[in-house]
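Everything below concerns the one structure shown next.
The values are calculated or read from the model by the stated rules, or taken from the named source; none is laboratory data. If you're wondering where the values come from, they're calculated on a predicted model, not measured in any experiment. Reconstructed Cβ throughout: ideal geometry from the backbone, glycine too, with neighbour counts over all protein chains shown. What goes into the accessible areas is simple: the full protein's heavy atoms, side chains included, and nothing from ligands, DNA or RNA. Shrake-Rupley method; radii C 1.70, N 1.55, O 1.52, S 1.80 Å.
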Amino acid sequence: MKKMWLQQQLIDAYKKANNKRKITININFLERTKQRHLKEKYEQIMTVIIKQLVKELTDLNEELESEASLEVTSHCPMNVPGEIQDSMKTLFQIKSQGERSKMAA
């Protein structure tokens, strides 16, 4: 009788250990799934942020180029011969680029 009781205790101990192992495996699986999900969400959010920043930078660059173009045109009198006017535009563009470089630094 004592032998049967010990065998039953041994069987119960094995079952308990097996259940704990299964629980540990399930917890590990859930943690990996959660981490994968968080990584995917993070990548999605970063993609949206990067796209938004690229758009804002593109818009800002276009705005600056447009303003620079207007300034070049306004600094060149219409009665100056074409070659001199082109040289003035080039010089003003170089000056504007230098100022933008200083502002960016």
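How about segment 28-47: which of its residues are open to solvent by 90 Å² or more (accessible area, probe 1.4 Å) and of a type in the set (A, V, I, L, M, F, W, C)?
PHE29, LEU30, LEU38, ILE45
Going residue by residue through segment 57-75, is there one that turns out to be open to solvent by 90 Å² or more (accessible area, probe 1.4 Å), under 16 Å from PHE92 (Cα atoms) and modelled with pLDDT of 70 or more?
yes
Need the failing condition index for VAL80 against (1) assigned to a helix (DSSP H, G or I); (2) modelled with pLDDT under 90; (3) β-branched (Val, Ile, Thr), just the number.
If we test VAL80 against (1) assigned to a helix (DSSP H, G or I); (2) modelled with pLDDT under 90; (3) β-branched (Val, Ile, Thr), just (1) comes out false.
Testing GLN93 on (1) at pLDDT 75 or above; (2) exposed (fewer than 10 other Cβ atoms within 10 Å of the Cβ); (3) not small (Gly, Ala, Ser), one condition comes back false. Which one is that?
Going through the list (1) at pLDDT 75 or above; (2) exposed (fewer than 10 other Cβ atoms within 10 Å of the Cβ); (3) not small (Gly, Ala, Ser), GLN93 breaks only (2).
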